[in-house]
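So the structure is just underneath, and the comments pick up after that.
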Amino acid sequence: MEKVPLTVKGTSGGNGVGKERLEGLLQRHFGHSSFRGRQLEAIEAVLSGQDCFCLMPTGGGKSMCYAIPALAKPGIVLVVCPLIALMENQVSALKAQKIAAEHLSSSQGAKVKAKIYEQLESGRPSLRLLYVTPELIATPGFITRIKKLHGRGLLSLIAVDEAHCISSWGHDFRPSYRKLSALRTHLPDVPILALTATAAKKVQDDVVKSLALHNPQIFISSFNRPNIYYEVRYKDLLKNAYEDLRNLIKSNPDDCCIVYCHSRATCDDVGLRLSQDKISSRVYHAGLAAKARSEALEEWTSGKVPVVIATVAFGMGIDRKDVRMVCHYNVPKSLEGFYQESGRAGRDGKPARSVIYYGLEDKGLMEFLARKPDPGQKAREKVDAENQVKKNVEAFSQMVQFCEEARCRRQRVLAHFGEHVSTALCAKTCDSCRFQSRVAACLEDLALASSSKREARFSSYITSSKSQGLGFQDRSEFWGDMKDEDEDEISGSDDEEEEDEATAEAIAAISKRSVASSSKVEKKMDALLRAERVFGKKHGSQADGGKSKDAAAASEKRKISQALRDACAERLKGAVEQASQRLDLTSISADSGGVALETECFQKYARAGKPFYNSQVASTTRWLATCTSSELELRIHQQSTREARSETSPPSETRPAEDPAQTAAETRDGQKFEQASTTNLRIPATNHSVEQAPAPAPLPPIPSFKDFLGKRKPVSFGSTRGPSAPFKKPRRVQDP
Ligand SMILES: Nc1ncnc2c1ncn2[C@@H]1O[C@H](COP(=O)(O)OP(=O)(O)OP(=O)(O)O)[C@@H](O)[C@H]1O
Ligand SMILES: [Mg+2]
């Protein structure tokens, strides 16, 4: 498709405007003496009517690439922008430079809009730049007006700012940007300028294709931000990540700083703690009322408050140049996102710092979120959703690599954007180049922490769902990467098979009287002891005085450690937070909800041991992914009530079950038990009227050695069939 130089009468041909004139405009309107990087080339290409794709780093001066053309020739430049706040900022900045700019959005009244439309219809509009949302572009009424404007030769350029939003490979995909493909259809000969700071090749290709750019001139500036020092701090190796952050901020108390957190709740929490620690800061996220948000923005932008704690909703288009530090208190979800966010530091060119607090818990949560398809996705969009999941997972794994490699951070980021540079370029301006051995040592420690956490996590979630349908949980961190040993706990391991065999052999030997002769008494005793040991191992028996290694190992395997409880509480907190977000619930605190649910799991299954406890935690996590708000509120309320009541009851058992068998003898849901001598059943010693969680069935009583032999009959093999009956191997010794 042929495009012509800006379809405006009175230009001097070619691009029509000389370099001196363009520099004059830059100087006069913006006070800058010369163009930066590839600004001038891009402006000249735009003025000559070509489609262009401008890839410049954050703060690189992309807006100049359409603002100067708007001033160089008459006519209007249409700027597509993803956020109303961003449009408002840019329009007011332009107006401050006495440049006629307006925006059209839902935030304006009918009168203001009517005035702007009047301008569009006038023969000689004074308007130079009109900012609009992608949604407006898609409306037939607006397209008709713009076509008329173009018909009169007054639409000089369409600039698509933050063009990466069109690509689902990008870190900030907005479905509404997809509608921009209509621009080329309706206005085939108007040049389009796409601008972004996200230069991943896939995003680039996607933008060119989606906007149907025709032979675009591509201007790529280096993405290196030499004045930013990159650093990763490992939460799992820090005594207290929050305190580290606080000290970091306090070390330069007047410096302007952005702290990014993954969730609104974390923003609120960090904000509160910073205020308690006397650090002047504001929280900014979409959950705040519009007034609170604009106040926070105003106070931070004007320099009244140096620190803002925000979700990633904060920042696109924020133009405070003197940000000295950007901290990611939670790991970002992609390198693109990280680059954009960290790029908000040091836009004035002075030294600045980017710090990521990388934690294994956060990593797990982000992996979980990356694998979670949009629940609102319709069936026909399922393939898209699956692709999106793949993209998210890939993008996050690159972020993980960035944090978990002892490699120059700068080199890693630039390589992501297709710039392959030597580490010499970094000049020791990242932690990895500057403190190489220290970073390497940290990563080794992290690997150790990771494996021990994984053990805790693995043992926290059963894997029985592996064989079930592929709900999103199945593909989440909770279900995706389990070790077989967890399955073993539920379904029976090879070891247990061997033990079963040993038991069977022994019992078969007894029943077949193959060891009955007096000459073989020792052999018989050996077989019986072996069988008993196996039984003890499986049921926590104390038949050998609880001293055998096997029993100790079995007990150990069933023990619910405090570390496991903490890990499960964290998981449940995360799941409660997710549920609250999904259900838009503000009444439940993730922290107390998670702890309440963990306590519920523990109270129910403490004495039954780890596998049952794990199973209950896992099913509670699954339940949280689908429950309704009233179910969630009710369950947490009930548990809190139980806890409140049990506080008034006799002291309850709260320590981890050291030995389930022993614990079983002592407690159940905090009640003392007595053993009924004849039946081996345990009954509560006290009969509290408190509302207890439904008590699990009592564990099988522990038989004595004699009992064990005497009770072999119910096991349907061996003796009942007589010596000659064929032996049938038992699957498992049943409760006697
Ligand atoms: N040639 C120049 N010389 C000096 N300063 C410039 C020049 N061009 C732009 N700037 C300044 O750089 C800052 C960033 O510009 P701009 O907002 O256009 O960047 P951007 O690339 O759009 O960044 P972002 O990706 O954050 O949107 C602005 O304060 C702008 O005035
Ligand atoms: Mg910009």
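The values are calculated or read from the model by the stated rules, or taken from the named source; none is laboratory data. All of these numbers come straight from a predicted model, not from anything done at the bench. Backbone-built Cβ (ideal geometry, glycine too); neighbour counts: all protein chains shown. With ligands, DNA and RNA removed, areas are computed over all heavy atoms of the protein, side chains included. Shrake-Rupley method; radii C 1.70, N 1.55, O 1.52, S 1.80 Å.
For HIS186 and LEU448, a Förster radius of 60 Å and the Cβ-Cβ distance give a FRET efficiency of 0.50, rounded to the nearest 0.05. Annotation note: trypsin sites (Lys or Arg not before Pro) in region 190-252 located in DSSP loop regions with a Cβ neighbour count of at most 16 within 10 Å are LYS239.
When DSSP beta bridges are restricted to pairs lying wholly in region 249-357, around 0% turn out antiparallel. Apolar share of the accessible surface for region 19-220: 53 percent from carbon plus sulfur atoms, 1.4 Å probe.
Shape class of region 19-220 from the alpha-carbon gyration tensor: rounded, with the ratio a/c of largest to smallest axis under 1.5.
Please work out whether region 560-641 counts as rounded, prolate or oblate from its C-alpha gyration tensor, where a ≥ b ≥ c are the square roots of the eigenvalues and a/c under 1.5 means rounded, while otherwise a/b larger than b/c means prolate and anything else oblate? Here region 560-641 falls in the prolate category. For THR599, the accessible area of its heavy atoms, probed at 1.4 Å with every protein chain present, is near 20 square angstrom. Accessible area of LYS113 (1.4 Å probe, protein heavy atoms only, ligands and nucleic acids ignored): about 60 Å².
Ligands, DNA and RNA left out, the 1.4 Å accessible surface of region 560-641 is 51% carbon and sulfur atoms.
When the C-alpha to C-alpha distance is required to be over 30 Å, the pairs from LYS62/LYS147; LYS239/LYS333; LYS363/LYS428; LYS147/LYS209; LYS19/LYS113 that qualify are LYS19/LYS113.
For region 109-207, the gyration tensor built on C-alpha atoms gives a prolate shape. Its axis ratio a/c (a ≥ b ≥ c) is at least 1.5, and a/b is the larger of a/b and b/c. The residues of region 560-641 have, on average, 38 Å² of accessible surface per residue, using a 1.4 Å probe with all protein chains present.
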